[in-house]
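One structure below.
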Amino acid sequence: MELVFLGTGAGVPSKNRNVSAIALTLLQELNEIWLFDCGEATQHQILNTSIKPGKISKVFITHLHGDHIYGLPGFLSSRSFQGGDSPLTVYGPKGIKSFIQISLETTDTHLNYPLEIIEFEEGEILSSDKFSVYAQKLEHRTTSYGFRIVESDQIGELLVDKLKEKGIQPGPIYREIKENEETTLPNGEVIRREDYIGPMKKGRVLCIFGDTRYRKEHITLAKDANVLVHEATFSAKETELAYKYYHSTTKEAATLARQANVKQLILTHISSRYQKNDVQTLVKEAQEIFQSTIIAQDFDRFPIPVE
């Protein structure tokens, strides 16, 4: 599981930051990539990475402001020419279906893969044996959501030394033991997996917020997350401006991270008013509240290891 930031700016593209888009690579877990928001020129940003558009199976849209969706019609179209023939699902607030349909119909765009569009509300929006995704409304000028991506707990490691003590040597039998509750050995003996497996590995939790003001009600969504990705459009000195435009400051994002007991805070959606030499100041503002804070730059990659 790894985050790849394709766009970390706010509102309009700048020389240093494109607008919002984040890829979550789940190649080891699902052999898929999920995309969160798809601002203008996201498909061009992808060209500067190792991401294959055909591997993107799901797109989650936080809200319908242009800097989060203007790249979507282009990406959907280009995917047809970049080896993408597998199904794709787009999840978004009410209105995303008409936006996509009108865009594709007006430009006479024909996709060579099945496209499903799901308009969601609060609650669980996706559930499988490996991952669940929950959405919660935030506070923005338009309906905006935050996502909580929860990985199911994983089977622990095989106790190799214990297996060897029993005379079971490494080979295909190890995989069989790990994948089944009971395994019959070549000598006819039946062994139980629970006797040869370590403790369950707790699944990882990732939270990605759309544009929002700071609200204590958002703590629940981010609670105990391994990683929280939160907007920080403005510096701590611009609290009134942030509130006026329904955004957050560096310190407000850090306050939420501390209150929610997250392990790592990654700030994004940085206003173009802040240049490269301002980044350290912004980071320090947040770190005064929550030490484990970093600011993402375009093309930064952040692995989320299993603990």
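Based on this model, can you work out whether P13 counts as in the same structural domain as H247 (by TED's automatic domain parsing), out of contact with any helix residue (DSSP H, G or I) (no Cβ under 7 Å at 6 or more places or on another chain) and either over 20 Å from S271 (Cβ atoms) or not in a helix (DSSP H, G or I) (or both)?
Values: in the same structural domain as H247 (by TED's automatic domain parsing): yes; out of contact with any helix residue (DSSP H, G or I) (no Cβ under 7 Å at 6 or more places or on another chain): yes; either over 20 Å from S271 (Cβ atoms) or not in a helix (DSSP H, G or I) (or both): yes.
Yes.
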Practice item. Only residues that are more than 12 Å from G9 (Cα to Cα) and acidic (D, E): list them for the stretch 227-279, please. Key: E238, E240, E252, D278
Point to revise | Any helices (runs of 4 or more DSSP H) falling wholly within the stretch 199-307 and containing at least 3 residues that are assigned by TED's automatic domain parsing to the domain that holds T49 and of a type in the set (G, A, S) | key: 250-260
Exercise for review: State yes or no: is L64 touching a residue at least 60 places away in the same chain (Cβ under 8 Å), farther than 22 Å from Q136 by Cα and not basic (K, R)?
Suggested key: no
Point to revise | Conditions (1) surrounded by fewer than 14 Cβ atoms within 10 Å (Cβ to Cβ); (2) of a type in the set (A, V, I, L, M); (3) at pLDDT 95 or above: number failed by V190 | key: (3)
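Just wondering, is there one or more residues in the stretch 19-32 that are among the polar types (S, T, N, Q), within 22 Å of L115 (Cβ to Cβ), in contact (Cβ under 8 Å) with a residue 60 or more places away in the chain and crowded, with 24+ Cβ neighbours inside 10 Å? So that I can check it myself, show each step before the final result.
We begin by selecting, within the stretch 19-32, every residue among the polar types (S, T, N, Q); these are 20, 25, 28, 31.
Those still in the list that are within 22 Å of L115 (Cβ to Cβ) too: 20, 25, 31.
Then drop every residue that is not in contact (Cβ under 8 Å) with a residue 60 or more places away in the chain, which leaves 20.
Filter once more, keeping what is crowded, with 24+ Cβ neighbours inside 10 Å: 20.
Checked the stretch 19-32: at least one residue is among the polar types (S, T, N, Q), within 22 Å of L115 (Cβ to Cβ), in contact (Cβ under 8 Å) with a residue 60 or more places away in the chain and crowded, with 24+ Cβ neighbours inside 10 Å.
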Exercise for review: Being of a type in the set (K, R) and either modelled with pLDDT under 95 or closer than 14 Å to P53 by Cα (or both) is the filter here, so list the residues in the stretch 76-119 that pass it.
Suggested key: R79
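Residue-by-condition table, conditions (1) modelled with pLDDT of 95 or more; (2) farther than 19 Å from G210 by Cα; (3) aromatic (F, W, Y); (4) within 25 Å of the chain's Cα centre (by Cα):
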{"position": "R258", "(1), (2), (3), (4)": "yes, no, no, yes"}
{"position": "L265", "(1), (2), (3), (4)": "yes, no, no, yes"}
{"position": "T268", "(1), (2), (3), (4)": "yes, no, no, yes"}
{"position": "Q275", "(1), (2), (3), (4)": "no, yes, no, no"}
{"position": "V279", "(1), (2), (3), (4)": "no, yes, no, yes"}
{"position": "E285", "(1), (2), (3), (4)": "yes, yes, no, yes"}
{"position": "F290", "(1), (2), (3), (4)": "yes, yes, yes, yes"}
{"position": "T293", "(1), (2), (3), (4)": "yes, no, no, yes"}
{"position": "D298", "(1), (2), (3), (4)": "yes, no, no, yes"}
Practice item. For the stretch 33-55, name all the residues that are within 14 Å of the chain's Cα centre (by Cα) and buried (at least 24 other Cβ atoms within 10 Å of the Cβ). Key: W34, L35, F36, D37, C38
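Could you pull out the residue among I102, I22 that is in the same structural domain as V150 (by TED's automatic domain parsing), under 27 Å from G123 (Cα atoms) and of a type in the set (V, I, T)? Let's see the steps before the verdict.
On the way: I102 fails: under 27 Å from G123 (Cα atoms).
It is I22.
Scan the stretch 79-92 for residues that are more than 14 Å from S57 (Cα to Cα) and in contact (Cβ under 8 Å) with a residue 24 or more places away in the chain and jot them down. Please lay out each step first, then the result.
Pass one, the stretch 79-92, residues more than 14 Å from S57 (Cα to Cα): 81, 92.
G92, the sole residue that qualifies.
Rundown of residues vs (1) touching a residue at least 24 places away in the same chain (Cβ under 8 Å); (2) surrounded by fewer than 12 Cβ atoms within 10 Å (Cβ to Cβ); (3) assigned to a helix (DSSP H, G or I), yes/no style:
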site	(1), (2), (3)
K94	yes, yes, no
E105	no, yes, yes
N112	yes, yes, no
I117	yes, no, no
I125	yes, no, no
Y134	yes, no, no
T143	yes, no, no
I173	no, no, yes
Check your understanding: If you scan the stretch 279-303, which residues turn out to be acidic (D, E) and in contact (Cβ under 8 Å) with a residue 40 or more places away in the chain?
Key -> E285, D298, D300
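Looking only at residues that are β-branched (V, I, T) and assigned to a loop (DSSP other than H, G, I, E, B) in the stretch 153-171, which one is farthest from R204 (Cα to Cα)?
Only one residue tops the list, namely I168.
The values are calculated or read from the model by the stated rules, or taken from the named source; none is laboratory data. The model shown is predicted, which means the values in this text are computed figures rather than measured ones. Glycine gets a Cβ as well: all are built from the backbone with ideal geometry, and neighbour counts include every protein chain shown.
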